[in-house]
Structures are given as structure tokens and as C-alpha cells.
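Notes follow once the structure below has been shown.
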Amino acid sequence: MTLPDINDVEASVQDLLSLAKIEMEERRLQQEREEQIERATKEIRERLQPLLEQVESSLKVFTEQGFTDSINYKKLQEKAAELREKIADAPTLAVLNVEQQIILNEERLLNERTSEQLNAWRRQLKEDLLEMIEEQDDFFTATDAAIAIRGYVADLKAINALDEIVMALMDRINSLSKEGAVAKMRGSYENSLNFIYHKALDNRSKIERPYEIQPKVRHRPSDKRPNPYSDLAGKVVVFGGHDRLETAVRNRLRDSGVTLVWCTAQAGPQLMEQAESHVSSADLVIVVTGYASHKLTEKAMKSAEKCGKTVEMINTTGMIRCLEAIEVGLKTRLLAQRFAS
């Protein structure tokens, strides 16, 4: 087993552990959901009920004094109606608040995983850059390597590797220089790299065929920064869920090739009809049963049945499970197409 193979094994194990952590935390969040909704409902009512009583008490005084033609009396009536409505809708408001918190927690979990993957890729990038520098056997190509390195400054800074890379670059340039140590520290490591970068651009302008030094992909799995959804593509039609869930999923898929058509529980008849019209051309049809009404679910099932489509039912209210269903569904379809051809 080679060193790159061991690197791949380490990366796969760490990613699997990260996925396991995410699943356990996501399950815990879903298990606590009902309890959190109950607590939130109680808190909303306990905070709003005293306010309503105060407003009603003030209205009673106005009525007893015969000041019912007052502007403030009318405003108090409106406020009382508003408070009664909010108290009546306390369970719905509680659900929205709890779901928002769950999505924020899921965002945190996914961001942690992405950060771990990105930093692993950055460490592999550092090794590729060091090998690129070492392979240069000419003063001008060694100097030109600064152009490639400069594009990764932010990545190298994130893992505190910029100083090591710049020092290796300067050492390589000086070892190939016929005029001694021409590459020197100029303030910070970034300033030193920028100085070499501009010298490399000047060198490029003086030759017909400029150098194009780039790090080879040896330690990294790809030259692209890791994104678990970047390779996904296809049209996905989703019925159910809520607006915040839709927004969260869309944000995660924004750099992918996925076309997302979503009809949430809050959508009106027109949007529902538009979503139904996309079912025939969909690669994946999903119903989020945690937020889909019976009517919405029935319409989705009938639309899919007419087009010979299979519906993926997801009994969840979380973002992670939705993303997982989309990822697995599209990858399974792609694999089936490859076997068919």
C-alpha cells in the first residue's frame, strides 16, 4: 500500500466518522422535536396571555368610561385580536421556531463536515505544491511556480502552511540562481510571494511561450475543492416541507447541477399545478411527509402515477435527510443508466 493509498483510507475513515456523527446528532434532534415544540408552545402562550389580559383590562376601562370612540380604543381592539390569533396559533408558531433551530443545528453539522473535508484537501494540496516546487530544475520555471501558488494563498493560510510553501519556493529559486540568493524575505511571507509572483509575470511577458507551472493531482482526489453535492445533476421535484427547509436545501445544492422544483405546504394552487407539470420530466420525485398534507401527497402520487414515476417518501422534517434522499436518488439513477448502457 502506497502513501497516497493510506491518505485515501484516512480521509475515507474520517469522512465516515463525520457522517456517523451527523446521523446520530440528526436523529437526536428529531427525537427531541416534539418535546421542544411542546415547550415552545407553552412559552408562547405564557408570554402572550398576560399581555392579552392587560389589553382586555384597558379595553374594559375605556368601555366603562364610554370612550369607545377613541383611536387608542380601536388600536387596543386590534391588538387584542392579534394576540388572540397568535395564542391560538401558538403550536404552529412553535413548530416554525423549533424547525428553524433544527435547521441551524443541521447547518452547523454539515459545515463541520465540509470544513474537515476541505482542510484534508488543503493538506493534500500542500504536498502537491511542495512536489511541484521540488520538480522545477530551471530558475525561470521555479519562479513561475509562484503564479500557481498565489492562487492557493487563502487555502494555505487556513492550515498555516503558507510560510512553509514560500520558504520552499525561495530555497528552490535560490538553489537554481546563478546570481546567488535573489529570493529574499520581504516583510511577510505573503508579501514575499507577491514579489516573486510579479517577477514571474514579468518573465512571462518576455518569452513567446510562457511557462504554465501547475501542481499535479497526486495527493488530492481532485483539483476541485471538496463539495459533496457538486457532482449531482438532474431535475428533482419535491412536494411538502416548508419554506425554510426549501431555502436551506437550495443553498446546499447551489453549486450542483440539480434543478429543484419545490411545492411547499404553504404553496397555493397555482404553484402546486406548476410543480405537477414538472413531474413528467423529473429524475426524482420526493414527498416530504412530515409537512405534506393529505391533499398535497395525493396530488403528487397521482401526478407521478400518470407519468410512470416512482415517488420517494421521506418521513422527516430535517434538511439532512432531504439532502441524503436527493443525493442517493440521483446517484442511484445515474448508476442504473450506466449499467443499462
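The values are calculated or read from the model by the stated rules, or taken from the named source; none is laboratory data. Source: prediction; values computed, not measured. Here the Cβ is made from the backbone with ideal geometry for all residues, glycine too, and neighbour counts use every protein chain on show. The area values use the complete protein model at the heavy-atom level, side chains included, leaving out ligands, DNA and RNA. Shrake-Rupley method; radii C 1.70, N 1.55, O 1.52, S 1.80 Å.
In table form, for the structure just shown:
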read-out: Single residue of L52, L59, L48 found to be surrounded by 11 or more Cβ atoms within 10 Å (Cβ to Cβ), touching a Lys or Arg at 6+ places or on another chain (Cβ under 6 Å) and assigned to a helix (DSSP H, G or I); value: L48
read-out: Meets criteria (under 25 Å from the mean Cα position of the chain (by Cα), modelled with pLDDT under 90 and surrounded by 11 or more Cβ atoms within 10 Å (Cβ to Cβ)) for L16; value: no
read-out: G187 at positive phi, open to solvent by less than 60 Å² (accessible area, probe 1.4 Å) and modelled with pLDDT under 95; value: no
read-out: Some residue of segment 135-148 being open to solvent by 50 Å² or more (accessible area, probe 1.4 Å), closer than 22 Å to P221 by Cα and not hydrophobic (A, V, I, L, M, F, W, C); value: yes
read-out: Matching residues in segment 169-182 - criterion: being in contact (Cβ under 8 Å) with a residue 24 or more places away in the chain and either in contact with a Gly (Cβ under 9 Å, 6 or more places away or on another chain) or crowded, with 19+ Cβ neighbours inside 10 Å (or both); value: L169, M170, R172, I173
read-out: Of all residues making up segment 278-302, the number that are in a helix (DSSP H, G or I) and closer than 23 Å to L232 by Cβ; value: 5
read-out: Residue that is modelled with the highest pLDDT [pool: residues in segment 202-248 that are surrounded by 15 or more Cβ atoms within 10 Å (Cβ to Cβ) and aliphatic (A, V, I, L, M)]; value: V236
read-out: Test result for I165, within 32 Å of the chain's Cα centre (by Cα) and among the hydrophobic types (A, V, I, L, M, F, W, C); value: yes
read-out: Boolean, Q266 is polar (S, T, N, Q), in a helix (DSSP H, G or I), over 21 Å from L110 (Cβ atoms) and open to solvent by 80 Å² or more (accessible area, probe 1.4 Å); value: no
read-out: Selected residue (only one of N160, N119 is farther than 23 Å from E208 by Cα, of a type outside the set (D, E, K, R) and in a loop (DSSP other than H, G, I, E, B)); value: N160
read-out: Contacts under 8 angstrom Cβ, first residue in segment 220-247 being farther than 21 Å from T332 by Cβ, partner of a type in the set (D, E) and modelled with pLDDT under 90, 6 or more apart; value: P221/D8; H242/E99; R244/E99; L245/E99
read-out: Inter-residue pairs, beta-carbon under 9 Å, first over 14 Å from I103 (Cα atoms) and in segment 319-335, second in a helix (DSSP H, G or I) and at pLDDT 90 or above, 6+ apart; value: I326/V249
read-out: Qualifying residue in segment 282-302 (condition: open to solvent by less than 60 Å² (accessible area, probe 1.4 Å), of a type in the set (S, T, N, Q) and over 30 Å from N97 (Cβ atoms)); value: no
read-out: Members of segment 305-341 that are modelled with pLDDT of 85 or more and among the small types (G, A, S); value: G308, A325, G329
